[in-house]
Amino acid sequence: MQSVTAIIPVRSGSTRCPQKNSRPFANVDTNLLKLKISVLKRVKNISDVIVSSSDQELLEMACSMGAKIHERNPVYSSNETTGSELFKCLAEAVEDEHMMYVTCVSPFVQATTYERAIGLYFDNIRGNKYDSVVACRSVTEFLWLDNQPLNYEQSLAPPSQNLPDINALTFGFNILRTDYVREHCSIVGKAPLMYGVTELEAIDIDTQFDFAVAELLYSNAFFELQDVTVHNELTREAKFELLDCTIRDGGYLNNWNFSLEEVLDMYRATSCAGIEYFEIGFTCTHFDPRCGRWWNITAADVIEIKEKYPSGCKLAVMIHLEDIHKLDERIVGIDMVRVLVNAKKTELSSVACEKELSHLVSLGYTVALNIAYADTLTDDEIDIVLGLFVHGIQYIYIADTFGSMTNRRLKYLVRYIKKRVDVNIGFHGHNNTGGAINNSIDAITNGVSIVDVTIGGKGRGGGNTATEMFIQHANKKFRTEYNIMPILEHLSSLSYRDKLAILHTCTGLYRMHPNVATDILKNEESLSVAYRHIMDRCVRT
């Protein structure tokens, strides 16, 4: 396979956007130079990546990323140097027969785009039809020069969509023979193939405004144009359900030794709140004498719960992927089975699991795949889990096992999964770094269809997305009608401080002074009554 050498000219002396190539980009541990090198190193038909600069810091950065370096004479980094002089200087640093001029300031050009462009270049130079491939964008705007229109008759102005297409070079990539650049001092051949890139890939960071716009797009996980389409589809209307997993996740705190009365009390509170699912524990797990009945629930456990509270919401259980072969018959009364997938520990084989997952679906369950440690998995590991997907699985859950999920990572995972599998997405948040509520809200605004909550935030590690906190946010932001009162009544034994924290969520959401909550709670022991007093005051004001 023929290949090219990619060369990146970079300098630190930008006046319109100082340090744009080396300053932090999008609040992550990268910058425009690092980002460009990492993308180019994934392109199959690039033999070498060279960074050309007179700035030692940038050269050291490039070297640390595994790129070759070209110590450029500072003359070629000054504003007095013409582009043609710079192009010739760069070509003299390339030993390969073919070169690709690439800039750092087009951060959204995809590795696949580079590969296609290089492929087109070699296909066409063999037939002598084109001698270069040049990134461009189509300009369909009303253009004027010297007070005269350039691309239309002023007295016959057409609709904008009928204006002639004018190609503007983006300098995202220019591919051509190295000796041509040396001889003609140009990175556009005599017969260029104009490669139209997407609106996102056409972004060229030149000013502070450009940098800010690119950062906003990148930090919100808009990496390619399709992400915009997916975002618009997912966020058109927020429709979601809640799943309470207090027993299952909270069981890590007491080895699932909840009494039947405790479970029934939580089931009633959850059901009366309008929450759609209540997860009562694991099933088909190995025997452990330390663990209570909710570590390995049976059909008899479900029957007892449904007999004592037949009007409750839908029930769910979780099962480890390696145990699903044990669930050969339907557990009557269970509506959802969530399959826990640990890509770090379990040997995953889509062939081995397909039959068993299909059998779960055939038993009539709503089936969900829960991806543990989703925050830490590579795209390849996510793809392996997605390879388990079979027709009929309704949810794939993103589980923030470590509570370390960032908003950007969550958006990326939602879009990444949605582009590969036509399935509803769920989110299971942990609060180790304090982000559970915000991540759960953001998950919904990005199209997640089901979110996990636990009463009091009870759960492993830093706890989970607290039901009572989340309901307040959801009812305010999404105009849902979850009833918080049964949850607050269940939490009546909380300490004064914990009760106040719940009430302060309400005063914060409705822009009330925190003293309102303090004053009301001093005179009212009941959390639910105190909350009602605050809400009554919200209505009056």
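Derivation of every value follows stated rules applied to the coordinates shown; laboratory data play no part. Source: prediction; values computed, not measured. Virtual Cβ from ideal backbone geometry, glycine too; neighbours counted across all protein chains shown.
Reported to the nearest whole Å, the Cα centre-to-centre distance from region 9-45 to region 286-308 is 55.
Suppose every K and R has +1 on its Cβ and every D and E has -1 on its Cβ; what is the size of the dipole of region 232-480 about the Cα centre, in Debye to the nearest 20? Show your work: numbers first, answer last.
On the way: 27 positive and 32 negative charges, 142 e Å.
Its charge dipole is roughly 680 debye.
Equivalent-ellipsoid semi-axes for region 492-541 (Cα gyration tensor, √(5λ), whole Å, largest first): 17, 11, 9. 3J(HN,Hα) along region 387-395, derived from phi through the Karplus expression 6.51 cos²θ - 1.76 cosθ + 1.60 where θ = phi - 60°, amounts to x, 7, 4, 10, 4, x, 5, 9, 9 Hz, with x in place of Gly and Pro. Rounded to the nearest 20, the Cβ-based charge dipole of region 440-528 about its Cα centre (Lys and Arg +1, Asp and Glu -1) stands at 220 debye. Sorted on the mean count of surrounding Cβ atoms within 10 Å across their residues, most packed first, peptides 356-368, 102-114 read 102-114, 356-368. Applying the Kirkwood pairwise sum to the alpha-carbon positions of region 390-541 produces a hydrodynamic radius of 16.5 angstrom.
The charge dipole of region 4-219, taken about the Cα centre with unit charges on the Cβ atoms of Lys, Arg (+1) and Asp, Glu (-1), comes to about 420 debye, rounded to the nearest 20. Which one, Leu35, Ser78, Ser12, is farthest towards the positive end of the dipole of region 4-219 when Lys and Arg carry +1 and Asp and Glu -1 on their Cβ? Value: Leu35. Annotation: amide H of Leu193 within the under-5 Å range of Asp131, Ser132, Val133, Val134, sequence separation 5 or more or interchain, hydrogens built in the peptide plane.
Sorted from longest to shortest, the spans of the Cα atoms of region 399-448 along the three principal axes equal 31, 18, 16 Å.
Once backbone amide H atoms are built at 1.01 Å from N, Leu340 has Ile319, His320, Leu321, Asn370 as its partners under 5 Å, excluding neighbours fewer than 5 places away on the same chain.
Using bins of 10 Å that start at zero, the share of Cα-Cα pairs per bin across region 192-255 amounts to 16, 27, 21, 18, 12, 5, 1, in whole %.
Which value, in nm² and rounded to one decimal, describes the direction-averaged projected area of the C-alpha convex hull of region 324-406?
With the hull built on Cα positions only, its mean projection is 5.8 nm².
Under the criterion of Cα pairs below 8 Å and six or more residues apart, the relative contact order for the chain equals 10 percent. Between region 151-190 and region 396-423, what is the C-alpha centre distance in whole Å? That distance is 39 Å. Computed from backbone phi, the HN-Hα couplings of region 463-474 come to x, 10, 5, 6, 4, 5, 6, 5, 4, 4, 5, 5 Hz, rounded to whole numbers (Karplus: 6.51 cos²θ - 1.76 cosθ + 1.60, θ = phi - 60°; Gly and Pro given as x).
Among beta bridges identified by DSSP and lying wholly in region 232-480, the antiparallel ones come to about 5 percent.
What value, in deg cm²/dmol to 500, does the helix sum -39500 (n - 2.57) over DSSP H runs of n ≥ 4 give at 222 nm once divided by the residues of the chain? Please list the in-between numbers first.
Numbers: 19 runs with 204 residues, N = 541.
It lands at -11500 deg cm²/dmol.
Dividing the Cα radius of gyration of region 1-146 by 2.2 N^0.38 Å, with N the residue count, gives 1.11. Computed over neighbours whose Cβ is under 10 Å from that of Ala374, the net charge equals -2, Lys and Arg +1, Asp and Glu -1.
The order of the peptides 201-208, 493-500 by mean Cβ neighbours within 10 Å, most packed first, is 201-208, 493-500. With all projection directions averaged, the alpha carbon convex hull of the chain covers 33.6 nm².
Separation of the alpha carbons by more than 23 angstrom is noted, of Lys239/Lys476; Lys345/Lys419; Lys239/Lys477; Lys68/Lys88; Lys239/Lys326, for Lys345/Lys419; Lys239/Lys326.
A dipole drawn for region 488-529 from +1 and -1 charges on Cβ atoms has a positive end, and of Asn515, Ser492, Val529 the residue lying farthest that way is Asn515. In region 106-225, a dipole from Cβ-located charges (positive for Lys and Arg, negative for Asp and Glu) runs towards its positive end, and of Leu163, Met194, Phe209 it is Met194 whose Cα lies farthest in that direction. Using only alpha carbons, region 320-476 has a radius of gyration to Kirkwood radius ratio (Rg to Rh) of 0.96. Taking the Cβ of Leu264 as the centre, find all other residues whose Cβ is under 11 Å away and add up their charges (Lys, Arg: +1; Asp, Glu: -1). The answer is -2.
Under a 5 Å amide H cut-off, with hydrogens placed 1.01 Å from N, Phe278 pairs with Asp244, Lys314, Leu315, Ala316 among residues at least 5 apart or on other chains. Each residue of region 419-478 gets 87 Å³ once the volume of the Cα convex hull is shared out per residue.
Mind ordering 49-56, 152-159, 19-26 by average Cβ neighbours within 10 Å, highest first?
49-56, 19-26, 152-159
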